[in-house]
Structures are given as C-alpha cells and as structure tokens.
Amino acid sequence: MKKRFALRFAPGLVEQPLVSKLVRAYDVDVNILNADVSSGRGGKLIVDLVGRTEAIKQSVSWLGGIGVVVSEIVKELVFNQDSCVSCGGCTAVCSSGALQMDREWKLVYDASKCVVCGLCVNACPLRLFELSMERGA
C-alpha cells in the first residue's frame with residue numbers, strides 16, 4: 001500500500017533521524033517528494049509511505065506521538081490541458097518539476113511528479129487547474 005502525507009514539524013525535531021526510524025522500526029519505504037527543512041526553523045515534508053497497511057498506521061501514530069503534524073493528502077490535481085495556451089505561469093511555482101515547458105515551448109504536465117501542493121491553481125491566469133478528491137478516496 002502507498003499513501004501520501006504532509007509532515008510538519010517543529011525546530012526541535014529537525015535534528016532527529018525521523019526517516020531512518022520509519023524505515024528501520026516500522027518497515028516502511030519513505031519517498032520524499034518535496035522538502036523544506038531548516039535547522040532552527042522546523043520543516044515540512046511531502047512523502048509517500050509504502051508498506052503494509054498496519055505498518056503505515058503505526059508510522060503515522062508514532063510521528064503524531066512525537067509532535068509531527070501528519071496530514072494525509074487525499075486530493076489530486078485536475079488540469080484542463082485542452083484549453084492551455086502554454087503561457088508557463090504555472091511552471092514558476094512548480095518546485096517538483098511536474099509542470100515544465102518542452103523544446104517547442106508547449107506546457108507538459110507529468111502527474112507522477114506532482115506533489116499536489118496546489119500552487120499552480122492560483123498561478124494559472126486561465127484557472128485551468130483544480131484540486132479534487134482523489135478517485136477511490
């Protein structure tokens with residue numbers, strides 16, 4: 001099973017090896033999709049946790065118990081690509097690289113890189129992006 005989470009943590013937790021603890025103690029794979037972590041400032045991670053359902057539940061419980069705010073991401077990005085004029089406005093805010101301009105200056109969206117941050121929703125002047133509940137969630 002794979003689930004995506006946003007993890008927010010206080011400055012005191014930055015120095016702890018959270019990811020290695022999840023891997024070793026709970027037998028989950030952690031794929032870091034986006035990270036904004038700074039010593040003394042705290043941080044935010046967008047991660048996929050992959051493993052048995054019970055192991056993921058235990059991982060989330062442990063993180064919450066030590067003070068990490070854990071939010072499951074149950075949304076997906078919907079993009080009306082047919083109406084896109086490839087202005088590139090969305091690419092300026094897409095830190096994951098899911099939205100890029102190709103060699104012919106045409107916008108390319110790679111859903112596998114999207115971390116569902118939602119920044120493109122407001123960046124698009126034509127409002128061609130929206131966040132919706134993930135199918136099956």
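Helix 53-65 and the longest principal axis of the Cα set of the chain meet at an angle near 80°.
Only Cα sites of region 4-95 enter the Debye sum here, all with the same form factor; the resulting log10 I(q)/I(0) across q = 0.11, 0.15, 0.19 1/Å is -0.40, -0.65, -0.89, listed in q order. Taking 4.7 Å between C-beta atoms as the pairing limit, the chain has these partnerless cysteines: Cys84, Cys87, Cys94, Cys114, Cys117, Cys124. Take the Cβ atoms of Val93 and Glu72, set R0 to 22 Å, and the FRET efficiency comes out at 0.45.
What's the local net charge at Asp36, with K and R +1, D and E -1, over the other residues with C-beta under 14 Å away?
+3
Taking every lysine pair in the chain that is 8 or more places apart or spans two chains, those with Cα atoms closer than 16 Å amount to 8.
Just so you know, all these numbers are worked out from the coordinates, no wet-lab data involved. Not measured: the values here are computed from a predicted model. Every residue, glycine as well, gets a Cβ built from its backbone with ideal geometry; the counts of neighbours run over all protein chains shown.
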